[in-house]
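Novice: Can you read through this structure? Questions will come right after.
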Amino acid sequence: MPLLCPAPVPVTDRERQQLESLKRQATCPQQLALRARIILLAGQGVGVRPTADQLGISRSTVQGWRRRWSENPDASVAERLSDAPRSGTPATFSPEQIRAIFALACEAPQDSGRAITQWTQGEIADEAVKRGIVESVSARSVGRFLKEADPKPQR
């Protein structure tokens, strides 16, 4: 039974130079350098199994990066070797809710009928739920919002 040969992976001279440069950079992330090595070996005509054995990775990894390289020949080297975008988790709080929590933090606690002189993160969270700004929010989330905005209501 004849051995199957993988599809050839075209690599131009300019791309080869960029891949070699990535492979040698000390500051290049190792995942990116590994991907560059995979494509360089593919461009030299090395098969999937020898590439996987030489680099100590799975054949599916080699096949995947060879396929992704060939699928988008018009993109730059960096785009072809970068991770695919991922959707991520949808935002729990809208920007309007975060702004309302921020505005709440800038108000005096006495205006809300609280017997305190300064807001705590827990108090802000309780008041935001009480006012109907959000259904629920943790003190930690309030702290993260305020840290990102860096307010100084006491000044």
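Novice: So how many residues does the stretch 1-28 have that are under 23 Å from A75 (Cα atoms), loosely packed, with under 11 Cβ neighbours inside 10 Å and under 29 Å from the mean Cα position of the chain (by Cα)?
Specialist: Going through the stretch 1-28 one residue at a time, the tally reaches 3.
Novice: Applying the selection to the stretch 128-143, what residues are without any contact (Cβ under 8 Å) to a residue 40 or more places away in the chain and either of a type in the set (G, A, S) or within 13 Å of Q97 (Cβ to Cβ) (or both)? Quick ask: steps written out before the conclusion?
Specialist: At the first step, the residues of the stretch 128-143 found to be without any contact (Cβ under 8 Å) to a residue 40 or more places away in the chain are 128-133, 135-136, 138-140, 143.
Correct list: A128, V129, R131, G132, I133, E135, S136, S138, A139, G143.
Novice: Looking at (1) in a helix (DSSP H, G or I); (2) β-branched (V, I, T); (3) within 23 Å of the chain's Cα centre (by Cα), find the lone condition where T51 falls short.
Specialist: (3)
Novice: Would you mind finding the one in S76, S70, S87 that is closer than 17 Å to L19 by Cβ, within 20 Å of the chain's Cα centre (by Cα) and outside the structural domain of S138 (by TED's automatic domain parsing)? Break it down stepwise before answering.
Specialist: Values: S70 fails: within 20 Å of the chain's Cα centre (by Cα); S87 fails: closer than 17 Å to L19 by Cβ.
From the options S76, S70, S87, the qualifying one is S76.
Novice: Between residues in the stretch 101-122 that are assigned by TED's automatic domain parsing to the domain that holds R144 and residues that are part of a loop (DSSP other than H, G, I, E, B) and among the polar types (S, T, N, Q), which pairs lie under 9 Å by C-beta distance while being six or more apart or on different chains?
Specialist: If the second residue must be part of a loop (DSSP other than H, G, I, E, B) and among the polar types (S, T, N, Q), the pairs left are A108/T117; P109/T117; P109/Q118; Q110/T117; Q118/Q154; Q121/S138; G122/S138.
Novice: Determine which member of the set L22, L34, L41 is in contact (Cβ under 8 Å) with a residue 40 or more places away in the chain, of a type in the set (A, V, I, L, M) and part of a helix (DSSP H, G or I).
Specialist: Step by step, each of L22, L34, L41 is checked, and only L22 is in contact (Cβ under 8 Å) with a residue 40 or more places away in the chain, of a type in the set (A, V, I, L, M) and part of a helix (DSSP H, G or I).
Novice: Out of the residues in the stretch 62-77 that are out of contact with any helix residue (DSSP H, G or I) (no Cβ under 8 Å at 6 or more places or on another chain) and in contact (Cβ under 8 Å) with a residue 12 or more places away in the chain, state the one that is surrounded by the fewest Cβ atoms within 10 Å (Cβ to Cβ).
Specialist: By that ranking, first place goes to P73.
Novice: Additional query: Is it the case that G45 is outside the structural domain of A128 (by TED's automatic domain parsing) and over 28 Å from the mean Cα position of the chain (by Cα)?
Specialist: Numbers: outside the structural domain of A128 (by TED's automatic domain parsing): yes; over 28 Å from the mean Cα position of the chain (by Cα): yes.
Yes.
The values are calculated or read from the model by the stated rules, or taken from the named source; none is laboratory data. Treat the numbers as computed from the prediction; the structure is a model and nothing was measured. Reconstructed Cβ throughout: ideal geometry from the backbone, glycine too, with neighbour counts over all protein chains shown.
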